Amino acid sequence: MLRLAIIALFSGLLSTAVLAEQAQEKNILQVPILIPCDDKQEMVKVIKKYGENRFVEADGIITVVTGQGTTITGTVTIWVNPQTWSYSITIEDNNRSSGLMCMIASGANFQPAGQPI
């Protein structure tokens, strides 16, 4: 996992200037962030440590910060602990043989949305 983080960091640093230039041309704000990815079994161990279970799933896509804007398509899952209301949002690569799962977000106070936007 450390190796992946280092690769992601250097890839992000090298491609930040390219992405910034592209974003200015299109008036799109692109924020380079680090998303932890690991073997699915290891990622699920972390999620289960917080007592979270699968709540909903959907097909999804994220763009990984590289010079080419590589994408990961896969299953997006929202995991929730119904006692503490902690949650995690993951994406699992559609290429199941890779076994890659990434943690998009995690947090607390999972609840229904308020007023419509």
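The values are calculated or read from the model by the stated rules, or taken from the named source; none is laboratory data. Remember, predicted model here, so these are calculated numbers, not experimental data. Backbone-built Cβ (ideal geometry, glycine too); neighbour counts: all protein chains shown.
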Next on the checklist: Kindly evaluate Tyr50 against the criterion of being touching a strand residue (DSSP E or B) at 6+ places or on another chain (Cβ under 6 Å), at pLDDT 95 or above and closer than 30 Å to Gln111 by Cα.
Outcome noted: no
Checklist entry - What pairs can you find where one residue is in region 34-47 and assigned to a strand (DSSP E or B), the other is buried (at least 17 other Cβ atoms within 10 Å of the Cβ) and among the aliphatic types (A, V, I, L, M), and their Cβ atoms are less than 7 Å apart, with a gap of 6+ or different chains? => result Cys37/Leu100; Cys37/Met101; Asp38/Met101
Checklist entry - Going through region 67-84 one residue at a time, which ones are outside any strand (DSSP E or B) and modelled with pLDDT under 90? => result Gly67, Gln68, Gly69, Thr70
Checklist entry - Of everything in region 58-117 that's among the acidic types (Asp, Glu) and over 10 Å from the mean Cα position of the chain (by Cα), which residue is farthest from Ile47 (Cα to Cα)? => result Asp59
Checklist outcome for this item: Restricted to region 85-117 and to residues being part of a loop (DSSP other than H, G, I, E, B) and at pLDDT below 85, the residue nearest to Ala58 (Cα to Cα) is Asn94
